[in-house]
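*Asks:* Below you will find the structure I want to go over with you.
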DNA sequence: TAATTTTACATAAGCACTTATATAAATACT
DNA sequence: AGTATTTATATAAGTGCTTATGTAAAATTA
């Protein structure tokens, strides 16, 4: 029982507000999912700044028809996020000319695929002929209530990226990527031991030459994730380890793609099972392990990694 | 150059917000114009309270899908305006049951024609078939930019009321209306003199029997305004005086309707001119006098009214 | 050239929402 | 019956806008 809908044209103002607020909130969730420090309400301003390369406060104000203090405040927010920089106008000392910063341009590149997907999905939802504005709103709200807007957008983006992800095997030129991808989470969560340094610096020596395998996720010719299968003991037991995804590419299910590939590979080798060691602070990783069928088993007192407090296995 | 429009589907969220905010603001202007102490954002809540006769905070919340604090705050606002009253639920002591107050019901009666007009105009603007939501928004915004929404609504209501207004001549049964209508503004702006009391209490004696005329504006069988033409001296000079409109019916151009009728009447009597005395604080009245062609002339030192500081005449 | 008006931007406070949290009463669980 | 959970409402603080106002520089006018 949606009272606002029952009011028809009379409730249009409140109705528009409700839909708008919903979409803003959901868009925020999408930005959060992809770890982008950006707010939906900043979108119109930031897009103008990005398009025009050098605008003033009042130029934005005229283009958007918000009040001038609203623009000033949003600009301050963009500046606080480090997305824009100012230059003083030489000819008119009152003016502050606004440009996207380097970080701003990087953020923009991350935002573009999201904006593209939003545009696509909204078109799917609203490019329909109808006999009134209210009917169009009904259609839109019905679609939004079936599946949340954020989920739809996130899935759409993940699917698109997923199609473009290619899994490749180790080559020497990827050694540096292997190091960089893994050192990031090691440094962030734990202390990097000398043994870590060795294994990450010389994967050829420590993994490949011992009969192990390293796979990489490649997106647009860029290495964005990795995982290794390392033999332990000499009974054909393999450990899944050194899984990492670039911070800029989290949220695209790249970890899951690597995991699926590793499992398929292990099965094709007729391995009886895979084991892995992890730590309970690595919640996202453990979520993936569980999702792909790994079950927690007791960890031996002298486990090979000091930092591990969880051992899991996947029996085929 | 409207950047938001240029963004198409991508800018939908911001776009909806903009249209919504515009309509809210304009609706506020309409309420202000008709001297109704009400806010557009209170509309959905107040309509539920009015329809259901006895609702709780959380029932409203479920019907509108706002957050519960939003409802509590709006209810407090409605209460502060005196539009609602509470009763405690006997069975469940947590609940506060909300009803419209007497003032609330009165306000509701004033709001209904406005809501009716808003619904009608929005239907005119949006009951059109189009191939996308954005196109519908374009149509709506184009129409809103041609003539402000508030002006359109106010004119529509004024026109409807104007058609229903009937001007009638003095009868004894209207004497009380003549008194009440005039005493209101006299008390509000000035001090009521004994002579005022006499003339307002006995219009028959002081105006009609001396060859004067009194007209009344009648709306739905209710007297809502008045004006008098009073002879002064014995050279056929008439003074336009005692013009008043009920506070509940201001904004409907009733004063202008009475003025037009008086002028037509004076012309039909072949009067050479009309004069009037007023005071500069009565800005709305003077606006009407000027609009209908009255010109300010020097006021005699011993004018008949202590409170007058302006004298005007309209020569035919 | 001096005085006035306009333009560009900033700051303060208010408003209608939000999230987070508190409190009391009713209901469900064991 | 006693305890935990849920429900109904209130309060506090934050957010993105608004209006109102201030300040400095530029443009216009006298």
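*Asks:* Which one of A:126, A:67 is farther than 18 Å from residue A:248 by Cα, within 13 Å of DNA strand D (Cβ to nearest atom) and within 12 Å of chain B (Cβ to nearest Cβ)?
*Replies:* A:67
*Asks:* Can you name the residue in the stretch B:91-104 that is assigned to a loop (DSSP other than H, G, I, E, B) and within 13 Å of DNA strand D (Cβ to nearest atom) and, of all such residues, is surrounded by the fewest Cβ atoms within 10 Å (Cβ to Cβ)?
*Replies:* B:91
*Asks:* Considering each of B:111, B:78 in turn, give the residue that is more than 16 Å from DNA strand D (Cβ to nearest atom) and within 27 Å of the chain's Cα centre (by Cα).
*Replies:* B:111
*Asks:* Still on this structure, please answer the following. Residues of the stretch B:81-90 being in a loop (DSSP other than H, G, I, E, B) and within 11 Å of DNA strand D (Cβ to nearest atom), which ones?
*Replies:* B:89
*Asks:* Would you confirm, using the coordinates I've provided, whether residue B:256 is surrounded by 13 or more Cβ atoms within 10 Å (Cβ to Cβ), part of a helix (DSSP H, G or I) and under 24 Å from the mean Cα position of the chain (by Cα)?
*Replies:* Yes.
*Asks:* Follow-up question, since we're still on this one. Inspect the stretch B:110-122 for any residue being away from chain A (no Cβ under 14 Å) and either within 16 Å of DNA strand C (Cβ to nearest atom) or out of contact with any strand residue (DSSP E or B) (no Cβ under 8 Å at 6 or more places or on another chain) (or both) and give the result as yes or no.
*Replies:* So far as the stretch B:110-122 goes, yes, one or more of its residues are away from chain A (no Cβ under 14 Å) and either within 16 Å of DNA strand C (Cβ to nearest atom) or out of contact with any strand residue (DSSP E or B) (no Cβ under 8 Å at 6 or more places or on another chain) (or both).
*Asks:* Of the residues that sit in the stretch B:50-64 and are away from DNA strand D (no atom under 11 Å from the Cβ) and within 11 Å of chain A (Cβ to nearest Cβ), which one is nearest to the chain's Cα centre (by Cα)?
*Replies:* Looking at the filtered set, the residue picked out is B:51.
*Asks:* Turning to a different aspect of this structure: If residue B:147 satisfies all but one of (1) modelled with pLDDT under 95; (2) away from DNA strand D (no atom under 16 Å from the Cβ); (3) within 13 Å of chain A (Cβ to nearest Cβ), what's the number of the condition it fails?
*Replies:* Failing condition for residue B:147: (3).
*Asks:* Further question on the same structure: Got at least one residue in the stretch B:54-75 being more than 16 Å from DNA strand C (Cβ to nearest atom) and either in a loop (DSSP other than H, G, I, E, B) or in contact with a helix residue (DSSP H, G or I) (Cβ under 8 Å, 6 or more places away or on another chain) (or both)?
*Replies:* Scanning the stretch B:54-75 turns up at least one residue that is more than 16 Å from DNA strand C (Cβ to nearest atom) and either in a loop (DSSP other than H, G, I, E, B) or in contact with a helix residue (DSSP H, G or I) (Cβ under 8 Å, 6 or more places away or on another chain) (or both).
*Asks:* Further, regarding this structure: Residues that are without any contact (Cβ under 8 Å) to a residue 24 or more places away in the chain and within 14 Å of DNA strand C (Cβ to nearest atom): does the stretch B:77-86 have at least one?
*Replies:* Yes, the conditions are met somewhere in the stretch B:77-86.
*Asks:* Would you check if residue A:158 is loosely packed, with under 14 Cβ neighbours inside 10 Å and either under 23 Å from the mean Cα position of the chain (by Cα) or modelled with pLDDT of 95 or more (or both)?
*Replies:* So residue A:158 does not fit the description; no.
*Asks:* For the stretch A:14-26, which residues satisfy the criterion of being within 15 Å of residue A:144 (Cβ to Cβ) and surrounded by 16 or more Cβ atoms within 10 Å (Cβ to Cβ)?
*Replies:* The answer is A:15, A:16, A:17, A:18, A:19, A:20, A:22, A:23, A:24, A:26.
*Asks:* Criterion first (touching a residue at least 12 places away in the same chain (Cβ under 8 Å), more than 28 Å from residue B:151 (Cβ to Cβ), over 30 Å from the mean Cα position of the chain (by Cα) and more than 14 Å from every other protein chain (Cβ to nearest Cβ)) does residue B:96 satisfy it?
*Replies:* yes
Okay, residues lined up against (1) surrounded by 15 or more Cβ atoms within 10 Å (Cβ to Cβ); (2) at the interface with another protein chain (Cβ under 9 Å from one of its Cβ atoms):
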site: A:28; (1), (2): yes, no
site: A:32; (1), (2): no, no
site: A:43; (1), (2): yes, yes
site: A:46; (1), (2): yes, no
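The values are calculated or read from the model by the stated rules, or taken from the named source; none is laboratory data. All of these numbers come straight from a predicted model, not from anything done at the bench. Neighbour counts run over all protein chains shown; Cβ positions are idealised from the backbone, glycine included.
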